[in-house]
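Structure first, commentary second.
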Amino acid sequence: MTSFSDLLAQLDAAPDGSGLEVSEDWTQGRTLFGGLTAAFCVARGEHIAAEGHDGALPPLRSGQFAFVGPASGPLRLSGEVLRRGKSTVFVQVDLVGEAGLATRALLTFGAARQSSMDDEDLPAPSAPGPEDSPLLHGSSGGPSFVRHFDIRSADGIPLRPTDPDAPRPALRPDLLLWARHRDGAAGFGPAALMALADIPPPAAMRLMTRPGPISTMTWMVDLMAPPPLAEDAGWRLLRSTAQITRSGYSSQSMSLWDHAGRPLVIGRQNVAVFS
């Protein structure tokens, strides 16, 4: 197994991602875990945006990721600054694998502005603490990448029934879970946050009576840029809710809070559901 911090360290030696090696324990089916590909794009985007930038790079405010194809085989990252304004920087990053373009990311960095508006209405849902929450995957194991995270079900409900033929209560497609990096050196930066934010499986899985393939197509996220996070145990509360699932596609919302209940990430995903 290769730790998250060791993977990101490869970009320090080769910022363009050439020669990037990712072990199979980070896979999700026939491709890399989507949160890892997003993390690679963010790390590369920060490097590109910082080139020629006077002073500190403004925080990452938003990211849009299109998972065009499988990220497998030799990988390479490329990117460019699309626009550099007075307070914002727009950067495009492409992750290319052996089958061609795998992920295209559009990242927006923005400096804070003085404003008379300061409003927030995204309270964290009530949930037992991570220590009182059961493992999400239990003995089922889950995809390979989950071994790099501690993941616990904050609503106490298994991801899917162990016996698909047994009667089960009707469940809304809603997931609530705690997650954190097992790699103590992963840090709390945007790249590490992207990896955590993509951990929840599509909430539409709770509608399945039998397991079936799923694949995220697009992911849009906004980062709330809170005050510097205190050194804590790294637990983050994540919620994923599928509002509409039909015709083989599911549109879902997602949110992520820190242990103190401050919102860190909000977003949407469009997921292909093969069931």
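Data table
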quantity: Only one of 8, 77 that is closer than 16 Å to residue 192 by Cβ, buried (at least 19 other Cβ atoms within 10 Å of the Cβ) and not charged (D, E, K, R); calculated: 8
quantity: Filtered residue count, region 223-241, keeping only those that are open to solvent by 50 Å² or more (accessible area, probe 1.4 Å) and under 25 Å from residue 155 (Cα atoms); calculated: 4
quantity: Residue list for region 25-61, filter: in contact with a Gly (Cβ under 9 Å, 6 or more places away or on another chain) and of a type in the set (Lys, Arg); calculated: 44, 61
quantity: Output for region 182-222, where each listed residue is within 12 Å of the chain's Cα centre (by Cα) and either open to solvent by 20 Å² or more (accessible area, probe 1.4 Å) or without any contact (Cβ under 8 Å) to a residue 60 or more places away in the chain (or both); calculated: 190, 193, 200, 201, 216, 218, 220, 222
quantity: Single condition residue 158 does not satisfy, out of (1) under 22 Å from the mean Cα position of the chain (by Cα); (2) at pLDDT 80 or above; (3) assigned to a loop (DSSP other than H, G, I, E, B); calculated: (2)
quantity: Region 1-15 residues that are within 12 Å of residue 191 (Cα to Cα) and without any contact (Cβ under 8 Å) to a residue 12 or more places away in the chain, paired with ones that are open to solvent by 50 Å² or more (accessible area, probe 1.4 Å) and polar (S, T, N, Q) (beta carbon under 9 Å, 6 or more apart); calculated: none
quantity: Breaking point among (1) touching a residue at least 24 places away in the same chain (Cβ under 8 Å); (2) farther than 24 Å from residue 130 by Cβ, for residue 232; calculated: (2)
quantity: Region 11-47, residues that are among the aliphatic types (A, V, I, L, M) and either open to solvent by less than 10 Å² (accessible area, probe 1.4 Å) or over 17 Å from residue 108 (Cα atoms) (or both); calculated: 11, 13, 14, 20, 22, 32, 36, 38, 39, 42
quantity: Matching option when the condition is more than 26 Å from residue 9 (Cβ to Cβ) and surrounded by 14 or more Cβ atoms within 10 Å (Cβ to Cβ), among 136, 60, 107; calculated: 136
quantity: Pair list, Cβ under 8 Å, 6 or more apart: region 258-273 residue without any contact (Cβ under 8 Å) to a residue 60 or more places away in the chain, other residue open to solvent by 50 Å² or more (accessible area, probe 1.4 Å) and part of a strand (DSSP E or B); calculated: 268/220; 270/217; 270/218; 270/249; 272/214; 272/215; 272/217; 272/249
quantity: Check on residue 91, open to solvent by less than 10 Å² (accessible area, probe 1.4 Å) and touching a Leu at 6+ places or on another chain (Cβ under 7 Å); calculated: yes
quantity: Test: residue in region 109-129 that is among the hydroxyl-bearing types (Ser, Thr, Tyr), over 19 Å from the mean Cα position of the chain (by Cα) and over 18 Å from residue 223 (Cβ atoms); calculated: yes
quantity: Subset of region 22-39 [over 11 Å from the mean Cα position of the chain (by Cα) and touching a residue at least 40 places away in the same chain (Cβ under 8 Å)]; calculated: 22, 24, 25, 26, 27, 28, 29, 30, 31, 32
quantity: Members of region 202-236 that are within 24 Å of residue 189 (Cα to Cα) and either touching a Leu at 6+ places or on another chain (Cβ under 7 Å) or at pLDDT below 85 (or both); calculated: 223, 224, 225, 226, 227, 228, 229, 230, 231, 232, 233, 236
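The values are calculated or read from the model by the stated rules, or taken from the named source; none is laboratory data. Not measured: the values here are computed from a predicted model. Ideal geometry is used to build each Cβ from the backbone, glycine not excepted, and the neighbour counts take in all protein chains shown. The accessibility values were calculated without ligands, DNA or RNA, using every heavy atom of the protein model including side chains. Shrake-Rupley method; radii C 1.70, N 1.55, O 1.52, S 1.80 Å.
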